[in-house]
Amino acid sequence: MGPKVHIPKTETREIPVLGFEEALAGSPQGKGRYDAEKWLYVPDFYSEYRYILGTKGVRPLICIGINPSTARPDALDNTLRSVERIALGNGFDSFIMFNVYAQRATRPKDMEKTCNPFLHRENMKAFAYVLSLSEGAPAVWAAWGTLIEKREYLAACVADMIGIGQRYGARWYTAGARSKRGHPHHPLYLRKDAPLEPFDVGRYLCTDLMFRLPGSDG
């Protein structure tokens, strides 16, 4: 069993981090610990970072949070249970939890102060892979809440994700009311039948996010 709260032991620059393709290939640590026919879990063992966690299907709802916490196959946290309910309630056959940044930290205030370029680059490779799994246009649910303001580098990460999404024809959605500053609602405390609504993520980046983060000119 993993810890209920994950506090990073150190910055990700100071630990070995698998590139996405290597992590996707699997490892001895993860073999036999969960049903690989049901779950998509990369890396396939508990570590200081996580690229992907979700269930396998042909029409997944791809939920985008800020960063991973303690969830893993067969041990979803409250956020992931809510994501699964809303995915199924909106007619999707599976869900994939993805994050703007891949470092595990239950409390976003514990995230590293500066972006690790290697971790971000590999996380973007993981995002492209996730988008490639959908039959048809990928459905991407922006669900990072006001936590996007915890670190200034997160806006740039979202901008990269938007560019990758354009290449795959991704359709962006939100669920629930947006915050006063325009941020999409976090998955917690949403009704299981909460509908998805189209989200102009490009406009959000330019008007509600990029120019309102600490240190910006807006």
query: Can you name the number of the only condition in (1) part of a helix (DSSP H, G or I); (2) surrounded by fewer than 21 Cβ atoms within 10 Å (Cβ to Cβ) that Met161 fails?
result: (2)
query: Name the pairs whose Cβ atoms lie under 6 Å apart, with the first residue in the stretch 182-196 and in a loop (DSSP other than H, G, I, E, B), the second at pLDDT below 90 and surrounded by 13 or more Cβ atoms within 10 Å (Cβ to Cβ), and 6 or more positions between them or separate chains?
result: Gly182/Asp208
For Leu147: the one exception among (1) surrounded by 14 or more Cβ atoms within 10 Å (Cβ to Cβ); (2) more than 15 Å from the chain's Cα centre (by Cα): (2)
query: Which one of Lys113, Lys125 is in contact with a Lys or Arg (Cβ under 8 Å, 6 or more places away or on another chain), of a type in the set (D, E, K, R) and either at pLDDT 95 or above or not in a helix (DSSP H, G or I) (or both)?
result: Lys113
- request: Might you check whether a residue that is closer than 21 Å to Ile52 by Cβ, at pLDDT below 95 and surrounded by fewer than 20 Cβ atoms within 10 Å (Cβ to Cβ) occurs anywhere in the stretch 170-185?
  value: no
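So that you can scan it fast, the table gives a plain yes or no per residue for (1) without any contact (Cβ under 8 Å) to a residue 12 or more places away in the chain; (2) in contact with a Pro (Cβ under 8 Å, 6 or more places away or on another chain):
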position: Glu112; (1), (2): no, yes
position: Cys115; (1), (2): no, no
position: Arg121; (1), (2): yes, no
position: Tyr153; (1), (2): no, no
- request: Give the residue that is nearest to the chain's Cα centre (by Cα), with candidates limited to residues of the stretch 26-65 that are under 19 Å from Leu196 (Cα atoms) and among the aliphatic types (A, V, I, L, M).
  value: Ile64
- request: Just need a number here: residues in the stretch 88-102 that are in a loop (DSSP other than H, G, I, E, B) and either surrounded by 20 or more Cβ atoms within 10 Å (Cβ to Cβ) or of a type in the set (Phe, Trp, Tyr) (or both).
  value: 4
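For (1) among the hydroxyl-bearing types (Ser, Thr, Tyr); (2) touching a Leu at 6+ places or on another chain (Cβ under 6 Å); (3) outside any strand (DSSP E or B), each residue gets a yes or a no:
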{"site": "Pro28", "(1), (2), (3)": "no, no, yes"}
{"site": "Arg33", "(1), (2), (3)": "no, no, yes"}
{"site": "Glu37", "(1), (2), (3)": "no, no, yes"}
{"site": "Tyr41", "(1), (2), (3)": "yes, yes, no"}
{"site": "Tyr46", "(1), (2), (3)": "yes, no, yes"}
{"site": "Gly57", "(1), (2), (3)": "no, no, yes"}
{"site": "Ile62", "(1), (2), (3)": "no, no, no"}
{"site": "Pro68", "(1), (2), (3)": "no, no, yes"}
- prompt: Between residues in the stretch 130-150 that are without any contact (Cβ under 8 Å) to a residue 60 or more places away in the chain and within 16 Å of Gly176 (Cα to Cα) and residues that are among the small types (Gly, Ala, Ser) and outside any strand (DSSP E or B), which pairs lie under 8 Å by C-beta distance while being six or more apart or on different chains?
  reply: Thr146/Ser179
query: Which condition breaks for Phe211 when tested against (1) within 19 Å of the chain's Cα centre (by Cα); (2) of a type in the set (Phe, Trp, Tyr); (3) modelled with pLDDT under 85?
result: (1)
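The values are calculated or read from the model by the stated rules, or taken from the named source; none is laboratory data. Nothing here was measured: the structure is a model prediction, and the numbers come from that model. Note that each Cβ is placed from the backbone with ideal geometry, even for glycine, and that neighbours are counted across all protein chains shown.
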